[in-house]
Every structure is written in structure tokens, then in C-alpha cells.
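Encoded as C-alpha cells, the structure appears first; notes follow it.
The values are calculated or read from the model by the stated rules, or taken from the named source; none is laboratory data. From a predicted model like this one, the values you see are computed outputs, not experimental measurements. So basically every Cβ, Gly included, is an ideal-geometry build from the backbone, and we count neighbours across all protein chains shown.
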Amino acid sequence: MDLVQLLVDPLQYGFMQRALISALLVGTICAITGSYLIVRRLSMLGDAVSRAVMPGLAIAFLLGANIFFGAFIAGVTATGLIGAIHTNSKIKEDTAMGIVFSSFFSLGIILITKIQKDNKIDLNHFLFGNILGVSESDLITTLVISIIVIATISLIYKELLFHSFDPLGAKSVGLPVQALNLVVMSLIAATIVASMQSVGVILVIALMLGPGSTAFLLTKKLKTMMLLSVAVGAVSSTVGLYLSYYLDISSGPAVVMVSTVFFILSFLFSPRQGLLTHFLHKDQDEPSVSGSLPKSAYKP
């Protein structure tokens, strides 16, 4: 079987077509929002929000409401609580994240376990993802959220860029810093909700940080970093999808592992920060056995 046939054959099935579109969408928005998390050093916040959506998901299921909407409300609520605890006490932000994260996560596990026991249904796919099980309604939800996330970031890109690298300067010139923080956190929550079916709430933070970290090692510019991370995220999601299909493995972990491979390659071979690249250049700059200096040591 040649490569073209390997790529085309799975697409004869409707579930694979939906999964591929979902993979591309999720890989794109996770990479974009993840880039902001990395440059603002808010990785732990993304992890906290990803866990915090779980009780919202369970409560929405019990009430017969839209589980995606419930998860989004829980994520935004958790973000608000973290800010409230940090602002109104001497507790630092990372401690507030830990408190909110652990309490929401524990509540979510309790509710989901209770639901599964009483209703004889399996909600584990929301924890670990099942991209091959994406329905048409799931795909529409992911598409709508993706459009909102991308459009919002495009509209306020300059403000987010300024705020990300110089928050004090952004505040001094009158930018609505608190509103920008709320927008970013809402976008993170929306991204996590859109990714639940594909990679699950437990693994989504890995897909948000993996492609962005890979791009961070390759460029210094945020716009270039976002574009590179989108490419890595889309390829990781697509390759992970095909691996889950052909190897009969869980889709979420497969996507994350492909993303991790890209990061390892960037970590080792990045022209600017690669570990092996650094050693190779170091060896080239060392004096030869005869004691002569390398060419780079001579000045015109």
C-alpha cells in the first residue's frame, strides 16, 4: 500500500472526515492560544482551567443542558475565582491556581464518577478524548468556537501583543488590562471546551503548550511563533489522528505524543537554542590540536 492510499483510504468514512476537520481546527486554536500562555508564562493557569471545566461538564449533563456551555461557564468561573483570591488576599496567584484547580478537579471527578455509576454511561472520552467519535454537532460546535477565537485574536492582536510583553506599559497608556485578561482567559476556556472531544480536558494543555514551545525555540517574533505553532499543531493533530486509526490507539495521547516528538526535535536541533546545535558550534569554535584558533576568532 503506497503513501497516497494510506492517506486517502480512511477518508472514505464519514467519521474520519469529521475527525480530520476537527483535528485541524483544534490543532490551530490550541496553538494560537497556547502561544500567549507561553510568552506570558501562564502555563499553569491553562492547566488549571483545563481541569476546572470538569464540574461544569458534569452539572450540565445532569441538568440536560449543553455540556460545552457548562464546561465554558466552569472555566470562566474558575478564572474569576483565581483572580478574586489573588486580588483580595496575600495569597499568590500560583497558590490560588492550585487551590481552585484541585477543588474543581476533585468535584468534577466526584460528579462524573457518580453520573457513570447511576446512568451506566461512559464519560471518560471527555477526559482523554476520542477524535474518531466526533459527531456532526460536535464538529459544528468546534467550528463555531474556532471562528470566534481566531476572529477575536485577530481583532485585538496589537493590544494583546503589547500587553503580553509590557503589561505595565499597556496599563500606563490606558489599555483595559483587566478586560484583556478576561478576554484571554475566556479564549483559553473556549479552546479547552472545543478540544474536549478531540484530545480531552486532561491532555489539552499538552497540545496547547507543545506546538507553542516548539515554535518558541525557533523564532523570536510572536506572529512567526504563532504561525509555526499552528503548523506544528495541525500536523500533530493530523498525524495523531491517522496513528490512532491505523494502530487502534487512543487519539488524544497519539496527538500529544506526535506534538512531543516535534518539541524534542526542536529542543535538540533548533538553530538558536538547540542542545545538539549548541554543542556542535562549541566544538567548531574550539582551538584545533595544533593550537590555531578557529576562523571565527579572527577579526578583520
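The single residue among Phe101, Phe69 that is surrounded by 20 or more Cβ atoms within 10 Å (Cβ to Cβ) and aromatic (Phe, Trp, Tyr) turns out to be Phe101. Mind telling me which of the residues Asp118, Asp138, Asp94 ends up being in contact (Cβ under 8 Å) with a residue 24 or more places away in the chain and surrounded by fewer than 18 Cβ atoms within 10 Å (Cβ to Cβ)? Of Asp118, Asp138, Asp94, the one residue that is in contact (Cβ under 8 Å) with a residue 24 or more places away in the chain and surrounded by fewer than 18 Cβ atoms within 10 Å (Cβ to Cβ) is Asp94.
If a residue has to be among the hydrophobic types (A, V, I, L, M, F, W, C) and not in a helix (DSSP H, G or I) to count, how many in the range 62-95 make the cut?
Of the residues in the range 62-95, the ones among the hydrophobic types (A, V, I, L, M, F, W, C) are 62-63, 65, 67-69, 71-74, 76, 78, 81-82, 84-85, 91.
Restricting the remaining residues to those that are not in a helix (DSSP H, G or I) gives 65, 91.
Summing the residues that are among the hydrophobic types (A, V, I, L, M, F, W, C) and not in a helix (DSSP H, G or I) in the range 62-95 gives 2.
The selection criterion, being assigned to a helix (DSSP H, G or I), of a type in the set (Gly, Ala, Ser) and out of contact with any helix residue (DSSP H, G or I) (no Cβ under 6 Å at 6 or more places or on another chain), holds for Ala231. Being under 14 Å from the mean Cα position of the chain (by Cα), more than 26 Å from Val258 (Cα to Cα) and not hydroxyl-bearing (Ser, Thr, Tyr) is a property that does not hold for Val177.
Looking at the range 161-197, which of its residues are in a helix (DSSP H, G or I), touching a residue at least 60 places away in the same chain (Cβ under 8 Å) and not polar (S, T, N, Q)? Answer for the range 161-197, where residues must be in a helix (DSSP H, G or I), touching a residue at least 60 places away in the same chain (Cβ under 8 Å) and not polar (S, T, N, Q): Leu161, Phe165, Leu182, Val184, Met185, Leu187, Ile188, Ala189, Ala190, Ile192, Val193, Ala194.
Which one of Ile140, Ile59 is assigned to a helix (DSSP H, G or I), among the aliphatic types (A, V, I, L, M), at pLDDT 85 or above and more than 18 Å from Leu25 (Cα to Cα)?
Ile59
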